[in-house]
Amino acid sequence: MSDKVNEQELVNVLSAKTKVDPQIIRLVLKHEQTFINKAKANAKGEVDIDSDDLVDYVTTQRDVKLDEITVETILDAEMDYLMDKGLAGYID
């Protein structure tokens, strides 16, 4: 997550959109950040994240008791939030 993101606001928005407990959302975001941090940047310094790989990574963590659909819903809602704030986008 970017330093410009208010984590509490993000978690509140995601919880309202997905109806998932804020603590569980924080856990998903923590694992997402670990996955992103391990990803390798390309020559332009961009990190290309495959959403299926990310969902698989999060759902295989021992402390995550969510199905793939729920994790995907949380991550999609996060991306919508970040795009609305102008902090993220998709690479074609």
Pair D21, N42: separation of 7 Å Cα→Cβ label points (nm): 4.0
Simple spin-label estimate for D80 and Q33 in nanometres, 7 Å along Cα-Cβ: 2.3
Residue-normalised accessible area of segment 50-92, given per residue in Å² at a 1.4 Å probe: 67
Of all accessible heavy-atom area on segment 14-92, the percent that carbon and sulfur account for (1.4 Å): 49
Cleavage-rule hits, chymotrypsin sites (Phe, Trp or Tyr not before Pro), segment 29-92, DSSP coil, Cβ neighbours within 10 Å at most 12: Y90
Of the DSSP H helices in the chain, those whose Cα atoms cover at least 30 Å axially and whose Kyte score averages 0.0 or more: none
Charge dipole (debye, nearest 20) of the chain; +1 at Cβ of Lys and Arg, -1 at Cβ of Asp and Glu: 380
Mean residue ellipticity (222 nm) of the chain, computed from DSSP H runs ≥ 4 via -39,500 (n - 2.57), nearest 500: -19000 deg cm²/dmol
Translational diffusion of the chain, µm² s⁻¹ [Kirkwood Rh, Cα pairs; Stokes-Einstein; 37 °C; 0.692 mPa s]: 241
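The values are calculated or read from the model by the stated rules, or taken from the named source; none is laboratory data. Just so we're clear, the structure is a prediction, and the values are computed from it rather than from any experiment. Cβ coordinates were reconstructed from backbone atoms using ideal geometry, including for glycine residues, and neighbour counts include every protein chain displayed. Surface accessibility is based on the protein's heavy atoms, side chains included, excluding ligands, DNA and RNA. Shrake-Rupley method; radii C 1.70, N 1.55, O 1.52, S 1.80 Å.
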